[in-house]
1. In nm, to one decimal, how far is the B:ALA136 label point from the B:ASN74 one, both placed 7 Å along Cα→Cβ?
2. Search the structure for amide H atoms under 5 Å from the amide H of B:ARG159, placed 1.01 Å from N in the peptide plane, and list their residues when 5 or more places away or on another chain.
3. What's the FRET efficiency of A:ASP37 with B:VAL213 using the Cβ-Cβ distance as r and R₀ = 45 Å, to the nearest 0.05?
4. Of B:LEU187, B:ALA162, B:HIS221, which is farthest on the positive side of the dipole of the range B:131-260, counting Cα position, with +1 on Lys and Arg Cβ, -1 on Asp and Glu Cβ, and the Cα centre as origin?
5. Working from Cα positions, state the angle (0 to 90°, nearest 10) between the long axis of helix A:48-62 and the longest principal axis of chain A.
6. Checking the table B:LYS198/B:LYS282; B:LYS43/B:LYS68; B:LYS141/B:LYS316; A:LYS75/B:LYS206; B:LYS21/B:LYS198 against a 30 Å threshold on Cα-Cα, which pairs fail?
7. Mind putting together the pair-distance distribution for the protein assembly as shown? All Cα pairs, 20 Å bins, whole percent per bin, short to long.
8. Give the Cα extents of the range B:28-181 along the principal axes, in whole Å, largest first.
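Where a number appears in this text, it was derived from the coordinates with a stated rule and is not lab data. All of these numbers come straight from a predicted model, not from anything done at the bench. Reconstructed Cβ throughout: ideal geometry from the backbone, glycine too, with neighbour counts over all protein chains shown.
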Amino acid sequence: MLINSILNLITYNTMEEKLIEALAEALEMDRSTIKPDGVFRDYENYSSLTELSVLAMLDSEFGIEIEMKEFDSLKTVADLVRLITDKQKS
Amino acid sequence: MSLLSFNNVGISGLAAAVPQKIINNYKHDLYFNKDDIQEVIDKIGVRERRFADDNTCSSDLCFAAAEKLINEMNIDRNEIDLLLFISQTPDYRMPATSVLLQNRLQLSTSTITFDISLGCSAFLYGLSVAYSMLTAGGIRKALVLDGETRSKVYSQKDRKTAFLFGDGGVAALIERGEQYSTSWFSLNSDGSRESLIKIPAGGYRKMSSCETVTEKVVDEHGNIRSEEQGYMNGADVFNFVIREVPRDFDRLIEFAGVERNSIDYFIFHQANSYINGFLARKLRLPEERIPTTIHKYGNTSSVSIPLTIVSELSGKLNGQKRILLSGFGVGLTWGTAIIHLNDCFIGDIVEV
C-alpha cells in the first residue's frame with residue numbers, strides 16, 4: 001500500500017515535470033513561470049492560437065484524446081497533470 | 001460501417017480555375033494591424049489566396065475549369081450523362097446550380113444533374129456518388145464540378161476566419177474502364193457537432209432579415225460578423241480532426257488491405273498548415289508525398305483536395321498511381337478515399 005503510494009507520487013511528480021516542460025514549449029513561456037496551481041488560460045501567451053498547440057501537445061506527447069467539454073472544465077496545470085495520470089491509468 | 005469499394009471506374013482528367021485577384025495576407029490589414037495578423041498567418045500558413053469579384057460565382061470558376069477540361073481532353077459533350085455540382089456557395093437558393101451548368105456547358109437535356117452541399121469533405125462524397133452511378137451502368141461519362149467562393153461567406157472583421165479562406169473551382173471527368181483497378185471510400189458524419197462551423201441565419205430555420213445581416217461585435221476580442229456570415233470554432237474542430245481523421249485513415253487502409261508504401265501521394269483537405277502538419281506527423285507520412293497549396297490558395301473548402309492535385313501533381317500522374325484523399329470539416333463530415341489513377345490528364349490552372 002505504502003509502496004504503491006510512493007510509486008504514485010514519483011510517477012505524478014515525473015509527469016508534472018514532463019507536462020510543465022511541454023506546456024512551456026507549447027505556450028512559448030519560460031518553464032519557471034508555470035506553477036501547478038497556475039490557471040493556464042490566464043497565462044499571457046494563452047490564446048485561441050496557442051490553445052491549438054496545447055491540444056496538439058496533449059495528443060502527441062501524452063496520447064490524450066479529449067472532448068472539448070472535458071478540456072474546458074480543466075482550470076489549473078495540476079488539473080492537466082491529473083487528466084494525464086488518470087487517462088494513462090485507465 | 002460506411003465503407004465502399006469500386007472497380008473499373010476512375011478519374012480520367014482534372015482541371016481547375018481560380019480568380020485572378022490575389023490577396024497577400026501579410027498586407028491584408030483592412031481591419032487589423034500587421035503585427036497582430038502576422039501571428040495568425042504564421043500559424044495557419046496562408047500567405048496568399050484568391051478572391052472572386054462580386055460578379056463571379058463558384059459556378060463561373062467551375063464553368064471555366066470544365067470548358068478547359070472538355071476542350072483539352074477533346075470530350076464529346078453528348079457523352080456526359082451525369083453532372084454533379086459540389087458547393088455550399090451556389091448561384092441561387094433555387095434552382096440547383098448544376099442545372100444551370102448543364103445549359104451553360106451545352107450538355108444534353110437527358111443529363112442527370114444535382115447539387116451536393118457538404119463542405120470540406122464533399123469532393124470525396126461527390127466522387128463516391130459518381131463512381132456509384134457509373135458502376136450502375138447507363139452512364140458514359142460523369143462530370144464532377146466542385147466550386148466555392150468562401151471569401152463571400154466569412155467576415156473580414158473576424159480574426160478567426162478573415163485570413164483563412166479562398167476561392168476556386170475544379171472539374172473532374174469520371175469514366176469507366178478496365179484500366180482502373182479498385183478504389184475505396186470511407187465516409188462519415190457527426191451532426192452533434194453542427195454548431196462548430198456554421199452560418200446560423202439566411203436559411204429557412206432563421207430566415208434573412210435586417211437583423212440577420214447586421215454586423216455585431218461577437219466576442220471580447222472585438223471580432224465582428226453578422227448571423228449570415230460563417231462562424232468557426234477552430235479549437236473544437238482541430239481537436240476533433242486530430243482524433244478522428246487518423247482513425248479513419250487507418251480504418252480505410254485496413255479495409256483496402258493496401259500497404260502505405262504503395263500510396264504515391266496523400267492529399268489532405270487544406271484546412272490550415274498547423275492542422276495539416278500535425279496530421280502528417282501523427283500519421284508518420286513522408287513529407288515529399290504530401291502536396292500542399294495552403295500557402296498560395298488558402299482553405300478553399302471542398303475544392304482544396306482536387307485543386308491541390310491540379311496545382312501540385314501536374315506531370316506526376318503518368319502511368320498508374322494510387323493516391324489517398326482525406327477530407328474533413330463542416331457538418332461535421334469527414335472521409336478518406338484511396339483511388340487508382342491511370343494516365344490522369346491534368347490541365348493548367350485557368351485564371352478567371
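1. Distance between the two pseudo-spin positions: 3.2 nm.
2. The answer is B:ILE224.
3. Efficiency at R0 = 45 Å is approximately 0.45.
4. Selected residue: B:ALA162.
5. Its long axis makes an angle of about 30 degrees.
6. Pairs exceeding the cut-off: B:LYS43/B:LYS68; A:LYS75/B:LYS206.
7. 25, 53, 20, 2, 0
8. Between the extreme Cα coordinates on each principal axis of the range B:28-181 lie 57, 35, 27 Å.
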